[in-house]
Amino acid sequence: MPELIPAGGGVLWRTRDDGTLETAVVHRPKYDDWSLPKGKLDAGEHALPAAVREVREETGLEAVVGRRSVQTRYPVQDGVKRVDYWLMQVVGGAFVPNSEVDELRWLPVPEATALVTHEHDRVVLADLARTDVPRAPRLLLVRHASAGDRRDWNGPDDERPLDRRGREQVATLTRVLPLFGPARLLTAPPTRCRATLEPLAEDLGLPVGEVPELGEEGFTADPQAGMALAEELLLGDGAGPVVVSSQGGTIPSVLMALGLRWQGTAGKLRPPAAKGSVWTLGGRPGALAADYYRDFAPDPAAPADGVRRAGQQAGAAAPR
């Protein structure tokens, strides 16, 4: 079978003063083509941080991650390249020509679509142009990290601390969640929920507010109050998304009440919420744009030797 070569990329966007949506396309002198910024995964990488890294390396631009876009696959000399894309709003930085990219153009989406060389990039740009789904999430629901088995804990359950696996999950979340540009952090009352966000709060310089309505006990006692708060956070118009650390008995119930329909195995309808997982939510109740990150573990197809892939494609116009 052809080797699968995983990569990550960004669909950069901004809006003009007149509201026109623009995206950035890049010219690569090695292939003499116009494409979207992307690159292969390093050893031990998940596609999301890889996509952000590659965008920064190729364009010099700083961006906030938004909605997950489409995945493309196409043949290259070394096998089949799989590229996972995310929409990314540019918030800073400046382009400087480099060895990989010698020109960057900001264009309205129709003009960018006409300019790019490869059909698979046009598919990604068509996703950017969608108006039926938001480009960025407003609410991130985080299931608290692993805290062991309650049967092994002698104290009150709300005081159960994170275990070693949980602390490792928190370290990963602390590295990845800032890519979404969170502006506010909230937690359910249990210690394990707050501990999941505390390192992130320290890194971002943000306080952690408490929302008993979105903890298991509070939500069970008054689900209407919990849903009212969830909808308020989802429909907010702040500078960035709100991160809420909650529990496995609450997150699936909130998602179903917001209208998420999960098509799991064996007819399972209840959405998953594994410990340390993240749901990113945008849109509105009944028309929810939702994405589930079970974890941010290394992609199994990424190289395992600690060295970045250096595969080269054949021909000056070979796609990458």
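The mean sequence distance of close C-alpha pairs (under 8 Å, at least 6 residues apart), as a share of the length of region 139-293, puts its relative contact order at 30 percent. Between residue 153 and residue 261, the simple label model (points 7 Å from Cα in the Cβ direction) yields a spacing of 3.7 nm.
In terms of other Cβ atoms within 10 Å, 74, 31, 85 run from fewest to most in the order 74, 31, 85.
Only DSSP H runs of four or more residues enter the estimate; each adds -39500 (n - 2.57), and after division by the residues of the chain the mean residue ellipticity at 222 nm equals -7500 deg cm²/dmol. Among 144, 118, 46, a tally of other beta-carbon atoms within 10 Å of each Cβ gives an order, fewest to most, of 118, 46, 144. Separation of region 74-140 and region 165-233, taken as the distance between their Cα centroids, equals 31 angstrom. Ordered by the number of other Cβ atoms lying within 10 Å of each residue's own Cβ, fewest first, 35, 99 fall into the sequence 99, 35. Taking the square roots of 5 times each eigenvalue of the Cα gyration tensor of region 117-254, largest first, gives ellipsoid semi-axes of 31, 19, 14 Å. Think of the chain as a dipole: +1 on every Lys or Arg Cβ, -1 on every Asp or Glu Cβ, centred on the Cα centre; then among 20, 173, 118, 118 lies furthest on the positive end. Label-to-label distance for residue 304 and residue 171 is 2.1 nm, based on points extended 7 Å past Cα in the beta-carbon direction. Restricting attention to the chain, lysine pairs at least eight places apart or on different chains and with alpha-carbon atoms under 17 angstrom apart total 4. The charge dipole of the chain, taken about its Cα centre with unit charges on the Cβ atoms of Lys, Arg (+1), Asp and Glu (-1) only, comes to about 660 debye.
Once C-alpha pairs closer than 8 Å and six or more residues apart are averaged by separation and normalised to the residue number of region 204-287, the relative contact order reads 27 percent. Considering only alpha-carbon pairs that sit under 8 angstrom and 6 or more positions apart, the relative contact order computed for the chain is 22 percent. If the chain linking residue 123 and residue 287 were pulled fully straight, counting 0.36 nm for each residue of separation and taking away their Cα-Cα distance, it would gain 56.8 nm.
In this label model, residue 295 and residue 43 are separated by 2.0 nm, measuring between points 7 Å along each Cα→Cβ vector. Taking a ≥ b ≥ c as the square roots of the eigenvalues of the Cα gyration tensor, region 1-149 is oblate, since a/c reaches 1.5 or more and a/b is not larger than b/c.
Read the figures in this text as sums done on the coordinates, not as results from a lab. As the structure is a computational prediction, the values presented were derived from the model and not from experiment. Every residue, glycine among them, receives a Cβ derived from its backbone with ideal geometry; neighbour counts consider all protein chains shown.
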